[in-house]
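Remarks on the structure that follows.
The values are calculated or read from the model by the stated rules, or taken from the named source; none is laboratory data. Predicted model only: the values in this text are computed from it and were never measured. Note: ideal-geometry Cβ built from the backbone for every residue, glycine included; neighbour counts use all protein chains shown.
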Amino acid sequence: MKNLLIVLCVLICASCGIYLEYPPNGNNPQWRIIAYDDTAVYRLPSKMHILDSVKNLQSGKVQIVQDSLEFKISGRRLSPGINELDLVFYSEGKKRRSYERLYMVSDVEPLQYKVDNYSLLKHDENAFTQGLVWHNDLMYESTGLVGHSSLRMLNPKTGDIIKKAQLNPEIFAEGIAFLNDSLHVLTWKDELRYVFSEDLEQIKRYSFKQEGWGITADNDGFVASDGTNKLYYLSETFEVDSIKEVFSHRGPVAYINELEYINGQVWANVLGSDKIIVVEPKDGKVMMEIDVSECIDRHQYPDAGVLNGIAFDADKNKVYLTGKNWPYIIVWRPMFFDKSN
């Protein structure tokens, strides 16, 4: 029934004369593709009529148009992925309705890199890695699963476990991040977050009313993920300051998992993928995709799970990567760091 109404709406719209001039029709009849920096243009074909206002039936907002034959919508006002635009155009006492579906994508095609020229550290194959972070020349790791969640302090030269703290057996630990020498730990569906000292002693426990996946600290607070295509920018007290949707030239990127803030950008694991995406924080665009698939032989290590763990030694420009139940930690110094400096 909805599809029939949409077809009727489009037919009525066409008979009245309003039409979407740009973006053009593509290969997919379900929507038209528009880039972030593009502008959608609606037009009246006859110069005998001019627009005076446009109403968005979804939001109820009315926009006044200054005697024009066209109406424009910036791609920057749209959300990544599908946008249903149900608009009524008013012209000299007449109404013209238009229903269109626009699929918004990024105007940037990500640079492609592969992890190469790396070294390896040992890693506990029983560690269901949820988070990895560098702090004061040590590496810290969180592991998940109910009854098995833990925090570990690792020797960054060998991968050996220096200290281990077993967590509440009822929780499922997730990502970790350091801020002001305190280690912040998220949980998956327990609606809790914890604060630990550098020595892995629990300091406090707080409520956290969303799914915890990945977390990292930036210059102003935290960035967190919840398994969708959203990044949540949080204050030091975990109040939500803003939300950015992550998208590439293909559309929204969902299942964002473990995070690390590196040189002003957010690096993110994507659940189910052996690629890391590098996100521009100000607009959510994917700027790079880093392929890690050739770094793990899943036939040799059949129990190795998904890529999930990114840490960064800013002093040496080294990135540490691992995954759930991986036999090792990858130590990699990206060559493109040199080009950006």
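Key figures
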quantity	calculated
Which numbered condition residue 142 fails, given (1) closer than 30 Å to residue 79 by Cα; (2) assigned to a strand (DSSP E or B); (3) small (Gly, Ala, Ser)	(1)
Output for the stretch 102-128, where each listed residue is in contact with an Asp or Glu (Cβ under 6 Å, 6 or more places away or on another chain) and modelled with pLDDT of 95 or more	110, 112, 114
Restricting the stretch 31-61 to residues that are of a type in the set (S, T, N, Q) and part of a strand (DSSP E or B), the residue that is modelled with the highest pLDDT	39
Count of residues meeting criterion [assigned to a strand (DSSP E or B) and either surrounded by 19 or more Cβ atoms within 10 Å (Cβ to Cβ) or hydroxyl-bearing (Ser, Thr, Tyr) (or both)] in the stretch 276-287	6
Candidate set from the stretch 243-253 (those that are in a loop (DSSP other than H, G, I, E, B) and either closer than 13 Å to residue 279 by Cα or not assigned by TED's automatic domain parsing to the domain that holds residue 210 (or both)); member that is farthest from the chain's Cα centre (by Cα)	249
Given (1) polar (S, T, N, Q); (2) over 23 Å from residue 238 (Cβ atoms); (3) part of a strand (DSSP E or B), number of the condition residue 158 does not satisfy	(3)
Top-ranked residue in the stretch 107-149 [being within 23 Å of the chain's Cα centre (by Cα) and of a type in the set (Gly, Ala, Ser); ranked as surrounded by the fewest Cβ atoms within 10 Å (Cβ to Cβ)]	144
Answer residue from the stretch 62-85, given it is touching a residue at least 12 places away in the same chain (Cβ under 8 Å), assigned to a strand (DSSP E or B) and over 25 Å from residue 253 (Cα atoms) and is nearest to the chain's Cα centre (by Cα) among those	72
Looking only at the stretch 36-71, and only at residues there that are surrounded by fewer than 17 Cβ atoms within 10 Å (Cβ to Cβ) and among the small types (Gly, Ala, Ser), the one that is farthest from residue 85 (Cα to Cα)	46
Condition met for residue 297 (closer than 21 Å to residue 127 by Cα, in the same structural domain as residue 259 (by TED's automatic domain parsing) and in a loop (DSSP other than H, G, I, E, B))	yes
Checking residue 212 against (1) surrounded by fewer than 18 Cβ atoms within 10 Å (Cβ to Cβ); (2) assigned to a loop (DSSP other than H, G, I, E, B), the condition it does not meet	(1)
Residue pairs meeting the criteria (Cβ under 9 Å; at least 6 apart or on separate chains; first over 16 Å from residue 193 (Cα atoms) and not assigned by TED's automatic domain parsing to the domain that holds residue 181, in the stretch 137-151; second of a type in the set (A, V, I, L, M) and surrounded by 22 or more Cβ atoms within 10 Å (Cβ to Cβ))	none
Options 269, 317, 308; residue that is in contact with a Lys or Arg (Cβ under 8 Å, 6 or more places away or on another chain), of a type outside the set (D, E, K, R) and either more than 18 Å from residue 142 (Cβ to Cβ) or free of Cβ contacts under 8 Å to residues at least 60 places away in the same chain (or both)	317
Which listed residue is in the same structural domain as residue 147 (by TED's automatic domain parsing) and within 24 Å of the chain's Cα centre (by Cα), from 201, 174, 170	174
Residue under evaluation residue 269, criteria (1) of a type in the set (S, T, N, Q); (2) under 11 Å from the mean Cα position of the chain (by Cα); (3) within 22 Å of residue 36 (Cβ to Cβ), criterion not met	(3)
Residue that is of a type in the set (S, T, N, Q), assigned by TED's automatic domain parsing to the domain that holds residue 142 and free of Cβ contacts under 8 Å to residues at least 24 places away in the same chain, where the choices are 235, 225	235
Identity of the residue in the stretch 215-236, part of a strand (DSSP E or B) and not hydrophobic (A, V, I, L, M, F, W, C), that ends up nearest to the chain's Cα centre (by Cα)	230
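Residues checked against (1) basic (Lys, Arg); (2) surrounded by 17 or more Cβ atoms within 10 Å (Cβ to Cβ); (3) in a strand (DSSP E or B):
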residue	(1), (2), (3)
238	no, yes, no
241	no, no, yes
273	no, yes, no
290	no, yes, yes
